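Inspection log for the structure reproduced underneath, given as structure tokens.
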């Protein structure tokens with residue numbers, strides 16, 4: 001009992017003497033770290049200061065203490081001191097996401113974007129805080145890494161759906177990329193959450209200025225001005241709006257309120273425009289350069305750069321206008337003339353393009369880019385000899401490439417110098433075996449020279465690079481037929497059908513080779529497929545009828561050939577085949593032929609007597625002799641008959657003729 005009482009008293013004594021239940025310095029730092037973790041939640045400044053003092057008392061030289069010291073330096077705008085303390089904090093405790101996050105934000109404010117991205121990424125990997133996503137989004141937006149910036153803004157929105165600045169950030173990125181519709185949608189989302197948000201309304205005004213909706217922007221800015229008279233961005237945008245409206249005095253005043261001297265600002269536009277142009281932000285480049293041009297309308301350097309920006313953005317007509325104005329003001333350069341030539345060539349104005357290329361070469365006669373452009377346009381115009389000379393100049397300068405030799409080969413071919421063309425194409429395929437067009441055109445030249453093996457090899461290479469090159473396929477097919485490589489023909493035609501299953505011609509050609517090989521069942525299938533795809537395909541119908549005849553299927557052949565004749569009445573083979581079918585199905589009777597033959601020969605009694613007289617030549621001679629002896633008596637008898645018959649004989653002969661005519665008509669019927 002006494003022992004237990006002693007223990008109790010000892011415990012009470014230790015409590016009254018301030019026993020350290022955190023087990024030394026490590027326990028105190030852990031306690032300080034817990035206090036640090038809830039510092040952001042303390043909105044009252046007095047309560048916050050007390051918590052910070054407690055942290056410094058518990059672990060002033062540890063990671064929590066350095067973190068609090070960094071916060072204090074940051075509040076005093078001593079960013080270098082803050083960075084040093086955050087670094088000490090992380091050196092003491094590398095796994096301190098709060099310190100990494102804060103350090104990342106300080107780096108961002110100092111413009112140290114790479115360092116900021118590194119620290120914020122470390123913080124995000126340790127703690128999935130949407131604020132770190134937001135910080136990374138702002139860093140990547142500043143680095144013009146727009147896809148990454150949009151991604152992190154969207155991730156931040158999942159945790160902070162009511163944060164208007166996130167929608168404004170996305171909208172600003174879309175506006176800078178020239179995606180105006182998408183930008184407007186994001187600004188409207190921001191204003192739907194908070195209709196009075198200044199950044200969202202300023203962003204919408206800036207978007208309207210980009211779209212040249214100056215009046216809309218001006219009205220919005222004037223409304224904002226009354227509630228935000230100290231906002232420098234607002235005054236800067238108002239200055240731009242006044243300047244576009246032509247009120248330069250008011251513009252100058254607004255620029256001064258924005259903290260910028262107008263003349264200095266506008267002199268910097270050219271430099272800014274060039275920077276934006278190099279970074280690929282063409283919309284912003286054009287805006288900066290257009291503003292600078294309003295300040296100095298005749299400045300040739302600004303005109304040239306503005307032409308470059310327009311050309312890069314695809315606004316060709318405006319680029320031509322800017323270049324021509326610069327040239328008119330004696331500000332033409334070799335690059336300007338070359339760019340003008342390219343723009344004219346795009347518009348199909350080849351004569352104007354040639355003039356500009358020549359002017360560029362007059363200042364820089366050995367510029368390989370301009371030489372190549374002029375040579376290409378000569379080839380396009382058919383001035384082959386001039387093109388050949390320029391390509392040889394590039395070869396002499398050792399500025400030749402596979403493309404140069406390829407275009408030289410084309411120029412030789414167009415000039416009908418096939419041997420030189422073949423040599424150049426051969427050089428191209430050695431330097432660039434994957435040039436499919438060169439492989440095919442070299443094969444064409446070999447085929448033209450009857451070098452079939454070489455032609456076949458290069459057609460195969462062309463098809464290796466582009467399987468659906470029908471020109472190479474048809475040429476190779478012709479070579480296979482010429483060499484009687486019928487298995488290769490069938491294989492190639494089957495591939496054609498696979499590549500173009502809805503083309504009736506490919507099925508028809510496959511049917512022809514099956515028919516040639518006497519594979520009639522396969523031929524029927526191919527011809528029928530061609531007809532299914534094109535019901536009035538006269539050639540396929542005719543071929544199918546022909547195969548049916550060869551297979552003894554006469555009735556089916558007749559039906560198909562009738563359809564072929566209807567589809568193309570001029571097809572001669574169809575007429576012949578139909579005639580053969582009729583003779584096979586219904587041959588002419590033998591009796592009818594005899595009657596027709598005899599009927600035709602009734603016209604001549606002499607012919608009939610000749611046929612009969614061949615057998616009884618002697619009897620006929622004797623008859624003629626007897627006839628001669630009784631000639632006088634027969635004449636007298638005929639006279640007596642005529643006299644006795646009188647008019648009746650005439651009637652009888654006429655009636656006989658009528659009877660003969662009616663008999664003939666009946667026969668015809």
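Bear in mind these aren't lab numbers, they're just calculated from the coordinates by the rules spelled out. Here the structure is a predicted model, which is why all the values come from computation and not from measurement. Note that each Cβ is placed from the backbone with ideal geometry, even for glycine, and that neighbours are counted across all protein chains shown.
A few points about this structure:
- Mean Cβ count within 10 Å, highest first, over the residues of peptides 563-576, 365-378: 365-378, 563-576
- Spatial offset of segment 416-489 relative to segment 181-224 amounts to 62 Å, using the alpha carbon center of each.
- Each peptide in 354-363, 286-295, 199-208 receives the mean, over its residues, of other Cβ atoms within 10 Å, and ordering these scores from highest gives 199-208, 286-295, 354-363.
- Per residue, the convex hull spanned by the alpha carbons of segment 385-469 comes to 80 Å³.
- Applying 1/(1 + (r/R0)^6) with r as the Cβ-Cβ distance of residue 179 and residue 312 and R0 = 22 angstrom yields a FRET efficiency of 0.85.
- Relative to the current alpha-carbon distance between residue 366 and residue 87, full extension at 0.36 nm per residue lengthens the span by 94.7 nm.
- Measuring spread by the Cα atoms of segment 408-456 yields a radius of gyration and Dmax of 9.8, 26 Å.
- Packing-based ranking, highest mean first, of 62-73, 483-494 given that Cβ atoms within 10 Å are counted: 62-73, 483-494
- Full-extension gain in nm, residue 346 to residue 464, via 0.36 nm per residue minus C-alpha separation: 39.3 nm
- Structural size metrics of segment 283-399, computed from C-alpha coordinates, are Rg and Dmax of 15.5, 49 Å.
- Average Cα contact separation per residue, segment 308-430, under 8 Å, 6 or more apart, as relative contact order %: 14
- Prolate/oblate/rounded label for segment 339-417 (Cα gyration tensor, a/c 1.5): oblate
- Burial ordering of 196, 165, 183, fewest other beta-carbon atoms within 10 Å first: 196, 165, 183
- Estimated at 0.36 nm per residue, the fully extended path between residue 195 and residue 144 surpasses their Cα-Cα distance by 15.5 nm.
- All-pairs alpha carbon distance profile, segment 38-183, 10 Å steps from 0, percent: 12, 36, 33, 15, 4, 0
- Here the relative contact order of segment 22-127, from alpha carbon pairs under 8 Å that lie six or more residues apart, stands at 18 percent.
- The relative contact order of segment 493-594, computed from alpha carbon pairs under 8 Å that lie at least 6 residues apart in sequence, is 18 percent.
- Value of D in µm² per second that Stokes-Einstein yields for segment 467-547, Kirkwood Rh from Cα pairs, at 25 °C (0.890 mPa s): 195
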